[in-house]
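A short write-up of the structure that comes next.
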Amino acid sequence: MGTQVDMGGDDVYVNNIYIGTAQPQNVGGPSQSLLTNSTNIAAANTTGFTATAAQVAGAAGDQYLLLTGTLGAGANLTLPTVATMAAVVPMIVGNSWTWTVTNASSAAFTWTIVTNTGWTTSGTLTVAQNTTRTFVIKVTGATTMTITSVQTATYS
């Protein structure tokens with residue numbers, strides 16, 4: 001489980017180091033206040049699709065989605081509903097993680113992140129060819145989440 005250090009205050013589990021007053025019983029369970037670790041997934045879709053909860057959140061932490069399909073035109077990447085996300089993510093207000101999406105398509109078209117039931121969006125939701133965009137996703141209520149664009153970079 002990593003190294004346990006008691007610094008008082010809220011319990012946090014970061015990069016396999018748990019900081020808090022009691023070791024969590026299970027990663028992602030009720031005692032965890034921050035999702036960590038990372039998962040890398042590739043998707044070869046060539047047209048719009050709805051992401052699975054696992055493509056957005058993984059098992060417990062930061063998620064990297066590499067879009068490798070060759071687009072014939074711009075396409076939408078629709079977020080799963082927050083109800084669907086609840087099967088993967090502990091719906092504890094304040095839980096957050098980064099979701100990094102890379103458009104590695106060989107065609108010069110853009111993916112647009114499209115919202116779904118329960119989401120609030122903020123910032124730019126497009127990912128151009130050869131671009132990586134990072135979002136922070138945060139649980140804001142039992143049935144609500146936010147996605148905020150925080151960084152973009154060139155992918156090559």
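Among residues of the stretch 118-135 that are free of Cβ contacts under 8 Å to residues at least 60 places away in the same chain, those with a beta-carbon under 6 Å from a residue that is crowded, with 18+ Cβ neighbours inside 10 Å and part of a loop (DSSP other than H, G, I, E, B) at least six positions away or on a different chain give the pairs W119/L79; Q129/S105.
Give the number of residues within the stretch 64-93 that are within 17 Å of T126 (Cα to Cα) and without any contact (Cβ under 8 Å) to a residue 60 or more places away in the chain.
First pass over the stretch 64-93, keeping only residues within 17 Å of T126 (Cα to Cα): 64-80.
Applying the additional criterion that residues be without any contact (Cβ under 8 Å) to a residue 60 or more places away in the chain yields 64-66, 68-78, 80.
Residues in the stretch 64-93 being within 17 Å of T126 (Cα to Cα) and without any contact (Cβ under 8 Å) to a residue 60 or more places away in the chain: 15 in total.
The residue of the stretch 108-153 that is surrounded by the most Cβ atoms within 10 Å (Cβ to Cβ), among those that are among the aromatic types (F, W, Y) and either touching a helix residue (DSSP H, G or I) at 6+ places or on another chain (Cβ under 7 Å) or assigned to a strand (DSSP E or B) (or both), is W111.
Looking only at residues of the stretch 64-107 that are hydroxyl-bearing (S, T, Y) and within 15 Å of F135 (Cβ to Cβ), we find that the one that is surrounded by the most Cβ atoms within 10 Å (Cβ to Cβ) is T102.
Only the coordinates and a few stated rules stand behind these numbers; no lab work does. All values reported here derive from a predicted model rather than from experimental measurement. Because the Cβ atoms are built from the backbone with ideal geometry, glycine has one as well, and the counts that use them run over all protein chains shown.
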